[in-house]
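Visitor: Got a structure for you, written out below as structure tokens; questions coming shortly.
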2 protein chains.
Amino acid sequence: MASQEIEALTQALAKLPGLGPRSARRAVLHLLKKREVALSPLLAALTAVKEKLATCATCGNVDTTDPCGVCADPRRDQRALCVVEEVADLWALERSRLFPGRFHVLGGRLSALEGVRPENLSIDALIRRIAAGGIDEVVLATNATLEGHSTAHYIAERIERFPVRVTQLAHGLPVGGELDYLDEGTLAQALRARRPVG
Amino acid sequence: MASQEIEALTQALAKLPGLGPRSARRAVLHLLKKREVALSPLLAALTAVKEKLATCATCGNVDTTDPCGVCADPRRDQRALCVVEEVADLWALERSRLFPGRFHVLGGRLSALEGVRPENLSIDALIRRIAAGGIDEVVLATNATLEGHSTAHYIAERIERFPVRVTQLAHGLPVGGELDYLDEGTLAQALRARRPVG
């Protein structure tokens, strides 16, 4: 049906998370119909990103500069370091604009099941950053999963010898969460961490 | 947060149908993490398509050749012509592999509301193709919408002077359709077009 080139484009798009074969075809048709306003900008943006793409040697963020925009920003609080599993988590926290410090991307989480051991994550690099001094607080912002918790625990043990405050994100009800629809684990966490009103 | 280039790529992807801002960000992260297996092939495919992209002067299909793959295929039945609204419809029919003939893409449907008049569609070109002879049957495969029907009616009137059989797709229950969940219009069509069993 479609030519080889169009088929290759459909398959490349279909591999993106969130797009399947059907939506990839719709996307390709959109690109073909809107060459100037859709295809050309996407091509230019991809080319620019591919040319400049860099992994930050300091924190592991992916950006078009090394050091990345966060690490290079002199206004960021150098004394606070937030440890996350993936680049996506760093971006999510950056969107909230609430964390003034810098980041450290582990590149995953400890997992016996998937055979991910401490040496597969950038934990040694994290310890070197903390050992170099100048950091007051390390926020362990791993995911609220079993593996995220184990990873945070492991790191907390490894860094307890340094004079830094080690914290983690609060657990409890999400904004807009209705008790009736929340899982028991979240409810238990929220109850356990209950606080005085006002 | 992200650099200008990454932001531009996110926005270009977010404009694709089926992708919103959130899924575009996930797609970008995927591309950044899988440079060799995801970003490079997508970039190559886009470049190839952009370079070769062509609209078939005969049928209006979008392909990387003109005439398109369908029109250029000598095995296609030259006597049957299927009229569709959009390129997407042509591709959908091609995926079913059931129509052995060629196509004619109108480029839309007549719509008083949107101000689409006969001269905005490739109806004159369709009539020239039919007038040139060699066509036995014209299948009006417009959508089963009010505007699709009006368009089919209009075309049927314009071509009734030619010695061709004019047909349209059957209407009725879709495969797997449960009566309880179908709209009254579909049920009415299915009842009106009922056929003897066996």
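Visitor: Considering only segment B:140-198, state which residues are over 25 Å from B:Cys82 (Cα atoms) and in contact with a strand residue (DSSP E or B) (Cβ under 8 Å, 6 or more places away or on another chain).
Guide: The answer is none; no residue qualifies.
Visitor: Also, quick follow-up: Tell me, which helices (runs of 4 or more DSSP H) wholly within segment A:86-198 include 1 or more residues that are over 30 Å from B:Glu7 (Cα atoms) and open to solvent by 30 Å² or more (accessible area, probe 1.4 Å)?
Guide: A:123-131, A:146-158, A:184-192
Visitor: Still on this structure, please answer the following. Which one of these does A:Ala38 not meet: (1) crowded, with 16+ Cβ neighbours inside 10 Å; (2) at negative phi; (3) among the small types (Gly, Ala, Ser); (4) modelled with pLDDT under 90?
Guide: Evaluating A:Ala38 over (1) crowded, with 16+ Cβ neighbours inside 10 Å; (2) at negative phi; (3) among the small types (Gly, Ala, Ser); (4) modelled with pLDDT under 90 leaves (4) as the failure.
Visitor: Related question: Filter segment B:18-33 for residues that are under 27 Å from the mean Cα position of the chain (by Cα) and open to solvent by 30 Å² or more (accessible area, probe 1.4 Å); which is farthest from A:Gln11 (Cα to Cα)?
Guide: Only one residue tops the list, namely B:Pro21.
Visitor: Inspect all residues belonging to segment B:163-185 and state whether any of them is within 23 Å of B:Asn61 (Cβ to Cβ) and aromatic (Phe, Trp, Tyr).
Guide: There is no residue in segment B:163-185 that is within 23 Å of B:Asn61 (Cβ to Cβ) and aromatic (Phe, Trp, Tyr).
Visitor: How many of the residues in segment B:30-55 are more than 7 Å from chain A (Cβ to nearest Cβ) and touching a residue at least 12 places away in the same chain (Cβ under 8 Å)?
Guide: 2
Visitor: Look through segment B:70-85, keep the residues that are closer than 24 Å to A:Ile6 by Cα and among the hydrophobic types (A, V, I, L, M, F, W, C), and return whichever of them is surrounded by the fewest Cβ atoms within 10 Å (Cβ to Cβ).
Guide: B:Ala72
Visitor: Sticking with this structure for a sec: Only one of these is touching a strand residue (DSSP E or B) at 6+ places or on another chain (Cβ under 7 Å) and on the phi > 0 side of the Ramachandran plot: A:Gly108, A:Gly101, A:Gly115. Name it.
Guide: After ruling out the rest, the residue left standing is A:Gly108.
Visitor: Let me ask you something else. What number of residues within segment A:61-88 satisfy the criterion of being within 10 Å of the chain's Cα centre (by Cα) and more than 10 Å from every other protein chain (Cβ to nearest Cβ)?
Guide: 3
Visitor: Look through segment B:1-16, keep the residues that are at pLDDT below 90 and not in a helix (DSSP H, G or I), and return whichever of them is most open to solvent (accessible area, probe 1.4 Å).
Guide: If we take residues in segment B:1-16 being at pLDDT below 90 and not in a helix (DSSP H, G or I), then B:Met1 is most open to solvent (accessible area, probe 1.4 Å).
Visitor: Among the residues of segment B:8-29, is any more than 7 Å from chain A (Cβ to nearest Cβ) and touching a strand residue (DSSP E or B) at 6+ places or on another chain (Cβ under 8 Å)?
Guide: no
Visitor: Does segment B:52-69 hold any residues that are part of a loop (DSSP other than H, G, I, E, B) and open to solvent by 50 Å² or more (accessible area, probe 1.4 Å), and which are they?
Guide: Of everything in segment B:52-69, those that are part of a loop (DSSP other than H, G, I, E, B) and open to solvent by 50 Å² or more (accessible area, probe 1.4 Å) turn out to be B:Ala57, B:Thr58, B:Thr65, B:Asp66, B:Pro67.
Visitor: For B:Val49, state whether it is part of a helix (DSSP H, G or I) and open to solvent by less than 30 Å² (accessible area, probe 1.4 Å).
Guide: Criteria met by B:Val49.
The values are calculated or read from the model by the stated rules, or taken from the named source; none is laboratory data. In this text the structure is predicted, and so the values were computed from the model without any measurement. Note that each Cβ is placed from the backbone with ideal geometry, even for glycine, and that neighbours are counted across all protein chains shown. Accessible surface areas use protein heavy atoms only, side chains included; no ligands, DNA or RNA. Shrake-Rupley method; radii C 1.70, N 1.55, O 1.52, S 1.80 Å.
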